[in-house]
Structures are given as structure tokens and as C-alpha cells.
Amino acid sequence: MELELLGRSMGFAAQGLVTLAPLLIVLAAIDPFRQRGFPEWVADAMGLPANTALPVLRLFATEPQAARAAGVLSLALLAAFGLAFSSQVQLVYEKVWRLPAQSWRQWWRQAVFLGTLCVFVALQAESRSLLRGGMWASAERIALLGAAGLLYFWWGQHFLLGGRVGWSALLPGALATIVGLGGLRVFSALVFDPLITSNAESYGAVGVVLVVESWLIGVGFVIYGGALVGRHLQTVVTRSR
């Protein structure tokens with residue numbers, strides 16, 4: 001599984017960009033808060049400052065009116081494509097915990113996970129706009145994102161696995177995921193921030209896509225790797241008893 005982790009992470013990035021991003025673009029356009037659009041969501045998630053986020057903003061720029069004009073059928077089709085993303089996450093979690101695949105009748109779990117994931121991403125992205133400014137707001141946001149992320153990834157694994165793994169066994173993996181995502185944000189600010197500017201100047205939009213895709217690979221690596229760390233810790237605890 002360790003050697004497979006990078007490949008799974010690359011699949012996470014590819015599916016996230018192709019199947020999840022279009023759905024989030026539409027949801028960002030119909031967001032009732034509508035403080036910021038999807039491009040700002042991506043730039044904020046990568047930890048990019050305003051002076052270097054422009055290439056990312058241009059990459060995902062779309063007319064809000066066009067995105068909001070997507071009908072119910074279009075939204076349903078985007079959600080159907082998004083199910084492939086949540087199905088892949090479920091499959092990897094099952095492989096990490098060495099569990100058999102669930103029946104296709106459990107597809108509703110993937111649908112619920114996809115819906116809650118979209119809400120989770122939207123709330124995380126809009127938290128900066130909803131909180132008041134200043135240093136205290138930054139501390140509030142860090143605490144909010146950490147607590148919400150911990151609860152979400154803890155619940156998400158348990159839900160997608162159909163309750164076949166106990167809550168106590170899943171907690172270390174959720175903690176590892178949150179720590180890893182925090183580290184990835186710092187790494188992104190230090191490495192991807194200057195890389196975005198240089199790639200945009202050298203290769204244009206293609207260079208920006210490569211950086212965003214690399215960041216998504218990192219997100220997948222942390223999420224799947226966090227679950228793998230949790231399973232290893234559970235194995236160690238079990239053997240020590």
C-alpha cells in the first residue's frame with residue numbers, strides 16, 4: 001500500500017480536478033453567502049497571498065451568471081460525476097483497512113459523503129469572509145478549521161466504511177490527516193507560492209495547472225496517508241495487548 005499511495009494520490013488529484021471541481025464551481029456560484037468565488041476558494045486553500053494568487057484566479061475564472069444558469073439536470077449530472085470521486089475515496093479507505101468492498105446498494109453513502117464534502121469545503125473557504133478581521137480572527141479560523149476538519153475526516157472514514165471500523169481506531173488517522181493538511185498548507189505557501197508565478201510566466205496556464213495538480217496530489221497523499229498512519233497505529237496497539 002505504501003508504494004501504491006502515490007498512484008492513489010495522483011488518481012485523487014485527477015478525479016478531483018475533472019469531477020469535483022466543476023461541481024464546486026457551480027456551488028460557489030449559487031453560494032448564499034457569495035463572498036468569494038471558486039478561484040478564491042482554491043487560492044485560499046493553497047495558502048497563496050493576494051499578490052501571487054492572480055494566475056490561479058485567472059485559471060478558474062468563470063462568469064457567475066453562467067454558472068448559476070446551470071439547470072437542475074446539469075447539477076444532477078455534475079453530482080453523478082462527483083460520485084466517482086467519493087467512490088474512489090471509499091475504495092481506498094477499504095483497502096487501507098483491508099475490508100471487502102461494500103454492495104452497490106450502499107451508493108447512498110457516497111452521495112451523502114459527496115454532499116457533505118461540498119458543504120465542508122464551502123464553509124472552510126468562506127470562513128475567512130464570515131469571521132471579523134485581525135489577528136484574533138486568524139486564530140479563530142485556525143481553531144475552527146482544525147476542529148471541523150478533525151470531526152469531518154473522523155466521521156467521513158467511519159461513514160464510508162459503513163461503521164465496520166470503530167471510532168477509537170479511526171481517531172489517530174483523522175488527527176494525522178489534519179496535521180498533514182496543516183503541514184501541506186505551510187509547504188504550499190513556501191514552495192507553490194513562488195512556483196505559481198514562475199510557471200505562469202514560463203508556461204502560461206499549463207504551468208499553473210501543473211502546480212494546482214501537484215497540490216491536489218499532496219492533498220490526496222495526506223488524506224490517504226493519514227488513514228494509513230491510523231491503521232498502522234491501530235495494528236501496533238492491537239499487537240501490544
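Would you confirm, using the coordinates I've provided, whether Val186 is in contact (Cβ under 8 Å) with a residue 40 or more places away in the chain, more than 18 Å from Val92 (Cα to Cα) and out of contact with any His (no Cβ under 8 Å at 6 or more places or on another chain)? Yes, satisfied.
Scan segment 232-241 and tell me whether some residue there is outside any helix (DSSP H, G or I) and not acidic (Asp, Glu). Break it down into steps so the answer makes sense when it comes.
So in segment 232-241, the residues outside any helix (DSSP H, G or I) come out as 241.
When the remaining residues are screened for being not acidic (Asp, Glu), the result is 241.
Taking every residue of segment 232-241 in turn, at least one turns out to be outside any helix (DSSP H, G or I) and not acidic (Asp, Glu).
In the set Pro64, Pro39, Pro32, Pro55, only one residue is open to solvent by 20 Å² or more (accessible area, probe 1.4 Å), over 14 Å from Leu216 (Cα atoms) and either at pLDDT 75 or above or among the aromatic types (Phe, Trp, Tyr) (or both); that residue is Pro55.
The values are calculated or read from the model by the stated rules, or taken from the named source; none is laboratory data. If you're wondering where the values come from, they're calculated on a predicted model, not measured in any experiment. For neighbour counting, all protein chains shown are included, and Cβ atoms are generated from backbone atoms with ideal geometry for every residue, glycine included. Quick note on the areas: whole protein, heavy atoms, side chains included, nothing else; ligands and nucleic acids left out. Shrake-Rupley method; radii C 1.70, N 1.55, O 1.52, S 1.80 Å.
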